[in-house]
Amino acid sequence: MQAANKTFVAVWISLISNLFLTGIKIFVGVLFKSQVLIADGIHNAGDVVASFAALTSTRISKKPADEDHPYGHGKAEVLASAVVALILALAAILMIVKSIESFFAPAEEASIIALSAALISLIWKQVLYVYCIRIGRAENSKSLMATAYDHLADVYASAAACAGIGLALLGDYYDIPFTKYGDPIAGLVVSYFVIKLAYKMGRESVDILMEKNIDQEKLDSIHQIVNQVEYVRRIDRIRARELGNYIIVDVRVSIPSELTVQQGHDVSKEIRNSIKSGVSYVEEVLVHINPWYHGDTSEEK
C-alpha cells in the first residue's frame with residue numbers, strides 16, 4: 001500500500017471511530033448524567049471536526065508544487081495541526097466549566113454502563129493512537145501525528161473517566177460522600193492533560209509556520225555532510241525549515257575561486273544530492289556558491 005493511501009485510511013478510520021464514540025459517550029452520559037462522559041463526548045465531537053481537517057489537509061499537502069505554490073503545499077498539514085490544538089484547548093475549557101458546575105449540584109448516582117462506555121473508549125483510542133502515530137511518524141505526516149496525539153488525549157480523558165466513575169460507584173456502594181464527586185474531579189484532571197497536549201501541539205505548529213530552524217541535531221548532520229564534499233572550503237551558512245511533511249534546506253558555501261562555472265555547478269549538485277540522501281524528508285536544497293581565495297584563514301575544512 002502506498003504511503004499516501006496508508007495516511008488516508010488512518011484518517012478515515014479515525015473519523016468513523018470519532019463519530020461512533022461521540023454518539024455513544026453523549027448518549028450514555030446524558031442518560032446516566034455523567035458529566036465527565038458528556039464532556040468527553042463533546043471533546044470527541046471536536047475530534048470529528050479535527051479529523052475532517054486532517055483529511056482535507058492531507059489531500060492538499062500531497063499536491064505537487066505549482067506556479068502559485070513553488071514550495072509545495074506542505075503547510076496545509078501544519079494548519080490542520082493548529083486547528084486540532086485549538087479544538088483540544090476549547091474542549092478542555094468546556095470540560096473544566098462542566099466539572100465545576102457539578103460540584104454545586106447534588107451528586108448523581110454512578111452507572112456501571114457509563115463505566116463500560118469509558119473503558120471501551122480507552123481501549124479503542126489507545127489502539128488508534130498506536131496505529132496513527134506509527135504511520136504518521138513513518139510518513140512524517142503532521143496532520144496524522146496531530147490526530148494521533150488527539151487520540152492520546154482521549155486516552156487520558158477515558159482513563160480519568162474510568163477512575164472518576166469507578167470512584168463514584170464505590171462512593172455510592174459504601175455511602176462515602178466525597179467519592180460520589182469522583183466524576184467531576186476526573187473531569188478536572190483530564191482537562192489539565194488535554195490543555196498541556198494542546199499547548200505542545202500549538203507551539204510546534206506556530207514554530208513551523210514561523211519557519212523556525214529544524215532541530216540542532218539535524219542541522220549538525222547537514223553541516224557534516226556538506227563539510228565532506230570536495231572543494232568546499234568554508235560553510236558560510238546553513239538554514240533549514242519544515243514545510244509540513246518535508247524540509248527545505250538553504251546552504252551557502254565557499255569554494256576555490258579558480259574553479260570553473262561547470263565545476264561550481266557540480267559541487268552544488270553533489271551538495272544537494274548528499275543532503276537529500278543523508279537526511280530524511282529533505283525535498284529541496286538551495287545552494288549558494290561564494291568564491292574562496294587562498295590565504296583565507298577562516299577555512300573550516
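The values are calculated or read from the model by the stated rules, or taken from the named source; none is laboratory data. Model, not experiment: these values are computed from the prediction. Note that we place each Cβ from the backbone using ideal geometry, even for glycine, and neighbour counts take in every protein chain shown. In case anyone asks, the SASA skips ligands and DNA or RNA and just uses the protein heavy atoms, side chains included. Shrake-Rupley method; radii C 1.70, N 1.55, O 1.52, S 1.80 Å.
Below is a table of values for the structure above.
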{"quantity": "First in the range 173-194 and touching a residue at least 40 places away in the same chain (Cβ under 8 Å) and part of a helix (DSSP H, G or I), second anywhere and hydrophobic (A, V, I, L, M, F, W, C) and surrounded by fewer than 17 Cβ atoms within 10 Å (Cβ to Cβ), Cβ under 8 Å, 6 or more apart", "calculated": "181/103; 182/170; 184/100; 184/103; 188/100; 191/93"}
{"quantity": "Qualifying residue in the range 248-265 (condition: within 15 Å of residue 218 (Cα to Cα), in a loop (DSSP other than H, G, I, E, B), in contact with a strand residue (DSSP E or B) (Cβ under 6 Å, 6 or more places away or on another chain) and at pLDDT below 95)", "calculated": "no"}
{"quantity": "Residue check for residue 270: part of a helix (DSSP H, G or I), in contact with an Asp or Glu (Cβ under 8 Å, 6 or more places away or on another chain), open to solvent by 20 Å² or more (accessible area, probe 1.4 Å) and modelled with pLDDT of 90 or more", "calculated": "yes"}
{"quantity": "Qualifying residue in the range 232-242 (condition: in contact (Cβ under 8 Å) with a residue 24 or more places away in the chain and at positive phi)", "calculated": "no"}
{"quantity": "Meets criteria (modelled with pLDDT of 75 or more, open to solvent by 10 Å² or more (accessible area, probe 1.4 Å), more than 18 Å from residue 180 (Cα to Cα) and more than 17 Å from the chain's Cα centre (by Cα)) for residue 32", "calculated": "no"}
{"quantity": "Residues located in the range 98-115, provided they are open to solvent by 70 Å² or more (accessible area, probe 1.4 Å) and aliphatic (A, V, I, L, M)", "calculated": "100, 112, 113"}
{"quantity": "Restricting the range 3-29 to residues that are over 20 Å from residue 123 (Cβ atoms) and surrounded by 21 or more Cβ atoms within 10 Å (Cβ to Cβ), the residue that is modelled with the lowest pLDDT", "calculated": "7"}
{"quantity": "Filter result (farther than 17 Å from residue 117 by Cβ, open to solvent by 20 Å² or more (accessible area, probe 1.4 Å) and not β-branched (Val, Ile, Thr)) within the range 164-195", "calculated": "170, 172, 173, 174, 175, 177, 178, 180, 181, 188, 192, 193"}
{"quantity": "Qualifying residue in the range 117-138 (condition: outside any helix (DSSP H, G or I) and among the hydrophobic types (A, V, I, L, M, F, W, C))", "calculated": "no"}
